[in-house]
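The values are calculated or read from the model by the stated rules, or taken from the named source; none is laboratory data. As the structure is a prediction and not an experimental result, all values here were calculated from the model. Cβ atoms come from the backbone with ideal geometry, glycine included; neighbour counts cover every protein chain shown.
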């Protein structure tokens, strides 16, 4: 399955990290509400989300104030 071969690349002021799905699944998760805006400007949410906090992921590469997502499918 393609999900299990994907990697998450994090880039920050402290360097670059690549995490496998297994790496991310092994991290502590948290739960909360949030939403997102897609490239067309449509807003979805608030929805309940559970997963690794962005702050924890960003701490692996030196923190920061901005998060940008890129996906191979656009």
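Overview of results
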item	result
Complete set of residues in region 8-29 that are in a strand (DSSP E or B) and loosely packed, with under 12 Cβ neighbours inside 10 Å	9, 15, 16, 18
Residue 58 vs. criteria part of a loop (DSSP other than H, G, I, E, B) and surrounded by 10 or more Cβ atoms within 10 Å (Cβ to Cβ)	no
Test set (1) modelled with pLDDT of 90 or more; (2) touching a helix residue (DSSP H, G or I) at 6+ places or on another chain (Cβ under 8 Å); (3) surrounded by 10 or more Cβ atoms within 10 Å (Cβ to Cβ) - residue 64 fails condition number	(1)
Enumeration of residues in region 16-44 that are at pLDDT 95 or above and on the phi > 0 side of the Ramachandran plot	none
Candidates 41, 34, 15 - the one that is in contact (Cβ under 8 Å) with a residue 12 or more places away in the chain, closer than 18 Å to residue 67 by Cα and out of contact with any strand residue (DSSP E or B) (no Cβ under 9 Å at 6 or more places or on another chain)	15
